[in-house]
Amino acid sequence: CYHEVPYGAYRNAILFEALLKGVDYLLFFDSDVKPSVLTDLKDGQPFWQEVDFVGTHLTYLTRPNVLATTSDYSGYYIIPPIAFDGLRELLIGLGKGHSLGYMAEWDIHGCLKLGSQTPAPPVPTEKLLGGNLGLDLNQPWNLAPFFSTVYEFENHCVMGRGEDTLLGQALARNGGQLLDVDLRIFHDTYIDFPGKPDILKKDVRDRFYWACLGWIGRNPFLTWFRAKMSQKKDHFEEEMKRQAGGLSVGAAKAASFFEDPQFEKLPAAMEASMSVLPESIARYRRLVDGWVKFISILTPDKLPDETDDELIDRPSLAA
């Protein structure tokens, strides 16, 4: 998979160039989002609220001590409307256990997320969304590089998801604030809006399957990272055992419910992802080492008085 470029590297190319050019504020948005908020969907008719994407982010980024701004999306959730015996185990296995409460009410909301015409006041968060993200580059010593994994499975290079999740985990340990600014720009998750995602359709199943592979690619490194930051070494083994157990049950039941045998392969994908964890950790350490040196050159008078080895393990410079 060395010919493939992980998602995090693409974002870093933009981040590094912006820092070198002296850009003050950097905004990220994805190709499948639009600067409007979906406020309602009635009988297939969407209702939109135009928003000032740039202005909203800058309003809060320019406040003292704010390091990053972000928000969730409006539109259909990445997990399509589904309910079956084994869904709980599947979501735990995918590291998406936090979605259990939301999915338990799928028949009420249909997995459709709406935004408000009047945004709520900003609130602190540790969850960053890479397609709806602003960064204050005026305090680069408190920033961190993006990082994501890649692994090979069945002759495919699978890109691990979660470079934004990892960044949020790293920046949350800095002095600056991370704010959810309630700017739910629309995300066309299945490229079929306003059509409702139907798991019985092959393109929807395939989209969800590849999302599952992406989460599986993310989870070993993310779990290791969290264990390292919390200094709870037992957390890694316990959580990965929990996820593997969930997949061993949930994947087979998902394949049966979807009538799609590719979902039976998810436990094998987990093994493939776990096998490259040492390589991913080594790549991460090289990235952090390079980042520390880059920021040291960029801002020689503003970094803390620490050795390179100490800086590599400094949470504010890890991602």
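Just so it is clear, none of the values below were taken in a lab; they were calculated from the coordinates. Every value quoted in this text rests on a predicted model; they were computed, and no experiment measured them. Here the Cβ is made from the backbone with ideal geometry for all residues, glycine too, and neighbour counts use every protein chain on show.
Some points to look at:
- Sparse-neighbourhood loop sites, GluC sites (Glu not before Pro) in region 132-167 - DSSP loop, at most 15 other Cβ within 10 angstrom: E154
- Sites matching GluC sites (Glu not before Pro) across region 244-297 that sit in DSSP coil, with at most 13 neighbouring C-beta atoms within 10 Å: E259
- In region 1-93, Rg over Rh equals 1.07, where Rg is the alpha-carbon radius of gyration and Rh the Kirkwood radius from pairwise Cα distances.
- Ranked by how many other beta carbons lie within 10 Å on average, peptides 5-15, 72-82 from highest: 72-82, 5-15
- Separation of region 259-277 from region 23-79 is 33 Å, based on Cα centroids.
- The label point for L114 and the one for A244, both projected 7 Å from the Cα toward the Cβ, are 4.5 nm apart.
- In this structure the amide hydrogen of S148, modeled in the peptide plane, comes within under 5 Å of the amide hydrogens of G8, A9, none closer than 5 places in sequence on its chain.
- Gain in span if fully extended, A268 to A13, counting 0.36 nm per residue against the direct Cα distance: 88.6 nm
- For the cross-link pairs K21/K228; K241/K265; K34/K196; K196/K265, the ones whose C-alpha atoms lie over 24 Å apart are K21/K228; K196/K265.
- Placed amide H near T39: partners under 5 Å, 5+ positions off or other chain: F47, W48, Q49, G115
- Spin-label pair D234/D85, simplified geometry with 7 Å Cα→Cβ offset, distance in nm: 3.5
- Label point distance in nm, N65-V5, each placed 7 Å from Cα along Cα→Cβ: 3.8
- Cα convex hull of region 250-295 - mean projected area over all directions, nm²: 4.4
- Estimated [θ] at 222 nm from DSSP helical runs (n ≥ 4, -39500 (n - 2.57)) normalised by residues in the chain, nearest 500: -13500 deg cm²/dmol
- A convex hull fitted to the Cα coordinates of region 64-117 yields 113 cubic angstrom per residue.
- Annotation: amide H-H contacts under 5 Å for L133 (H modelled 1.01 Å from N, sequence separation of 5 or more, or interchain): F28.
- For the chain, DSSP calls about 85 percent of its internal beta bridges antiparallel.
- Taking every full run of DSSP H in the chain, the ones that stretch at least 18 Å from end to end by Cα along their long axis and average 0.5 or higher on the Kyte-Doolittle scale are 7-20.
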